[in-house]
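Visitor: What follows is a single structure, and I will ask about it in a moment.
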Amino acid sequence: MARRSTRLLVLGVVRILQPVHGYDVRRELLSWRAEEWANIAPGSIYGALKTLERDGWIEIVDTGSRGARPARTTYQLTADGEKEYQQLLRDVLWEAKSPPHPLLPAVSQLPFVPRDDAMAALQARAHHLEGEVTLLERDIARIESGSDDPATDVPHHIAEMQRLSLRLVEAELNWTRDLLGRIESGDVNLWPSHPPHE
C-alpha cells in the first residue's frame, strides 16, 4: 500500500507541476503533509523518482543549472506514466477497502494489560485525538480560506483529504471514548478474574 501511495502521489505531483525538479516534488508533498497520512518519508521521494524513471513512467527533460544554483534534474510524465497514473487513481478510488489499523493488534491484547494502565493509555489516546481533530479543523479552514493557487497556497482538493482524515480521527476518538465509558460503567469487562498468565 505504501509503495502504491508513493507512486500515485509522486506521479500526480509530477503531472501537476511538470516539468518539475525533485526538490519541488518533495516540497509540494511536504506542504500536503503526505509524510503523516500517506507514510511517505521525505527522503523516499527521490528514490521514487529514480524508480519511476527506471520504469519508464517519467523521463528526464533537463539536468542543467540556473545561475549559481547547482544542477537539478527536471522530470515530466511519459505517455506510459500517464496511463499508469490514471490506472492507479482509478484502482484506489474504486477500491472500498479499509487499511489495517495499527491499533487493532493492541486492542486484541488489552486483557493482558493491567486495567489501570489500559485506562490511562486510552485516556491519553483520547486527548491526543482531540488535538488532532482541532489541528485538522484548523488546516481545513486555512486551506479553504486561500486562493487555491498551487503556487502560493495549498490547493482546495487537499482540504477534502484533510476532511477524510478528520472523519477517521473522529471515528477513532468516538470509539475510544465509548470504550472508556463502557469499561468505567462495568458494561464491558476485558479483564477476567483469573487471567491465564500472570
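Visitor: Of all residues in the range 76-100, which are in contact (Cβ under 8 Å) with a residue 60 or more places away in the chain and assigned to a loop (DSSP other than H, G, I, E, B)?
Guide: Once the filter is applied, which keeps residues that are in contact (Cβ under 8 Å) with a residue 60 or more places away in the chain and assigned to a loop (DSSP other than H, G, I, E, B), the range 76-100 yields only 99.
Visitor: Among the β-branched types (Val, Ile, Thr) and touching a residue at least 60 places away in the same chain (Cβ under 8 Å): does that describe residue 107?
Guide: For residue 107, the condition - among the β-branched types (Val, Ile, Thr) and touching a residue at least 60 places away in the same chain (Cβ under 8 Å) - is not met.
Visitor: Now for a separate question. Out of 51, 74, 63, 78, report the one residue that is under 23 Å from the mean Cα position of the chain (by Cα) and over 22 Å from residue 153 (Cα atoms).
Guide: Working: 74 fails: under 23 Å from the mean Cα position of the chain (by Cα); 63 fails: under 23 Å from the mean Cα position of the chain (by Cα); 78 fails: under 23 Å from the mean Cα position of the chain (by Cα).
Every option except 51 fails the conditions.
Visitor: A further question follows. Just for the range 150-178: of the residues that are among the β-branched types (Val, Ile, Thr) and assigned to a helix (DSSP H, G or I), which one is modelled with the highest pLDDT? Outline the logic, then answer.
Guide: First, pick out the residues of the range 150-178 that are among the β-branched types (Val, Ile, Thr): 152, 154, 158, 169, 176.
Right, trim to assigned to a helix (DSSP H, G or I) and you get 158, 169, 176.
Values: 158: 82, 169: 94, 176: 97.
Within the range 150-178, the match that is modelled with the highest pLDDT is 176.
Visitor: Here is a follow-up. Is one or more of the residues making up the range 30-52 open to solvent by less than 70 Å² (accessible area, probe 1.4 Å), of a type in the set (Phe, Trp, Tyr) and farther than 27 Å from residue 172 by Cα?
Guide: no
Visitor: With at pLDDT below 90 and surrounded by fewer than 13 Cβ atoms within 10 Å (Cβ to Cβ) as the only criterion, which of 120, 71 stands out? Can you show your working first?
Guide: Numbers: 120 fails: at pLDDT below 90.
Going through 120, 71 in turn, the sole match is 71.
The values are calculated or read from the model by the stated rules, or taken from the named source; none is laboratory data. Computed from a predicted model, the values in this text were never measured in an experiment. Cβ coordinates were reconstructed from backbone atoms using ideal geometry, including for glycine residues, and neighbour counts include every protein chain displayed. These accessible areas exclude ligands, DNA and RNA; they are computed on the full protein's heavy atoms, side chains included. Shrake-Rupley method; radii C 1.70, N 1.55, O 1.52, S 1.80 Å.
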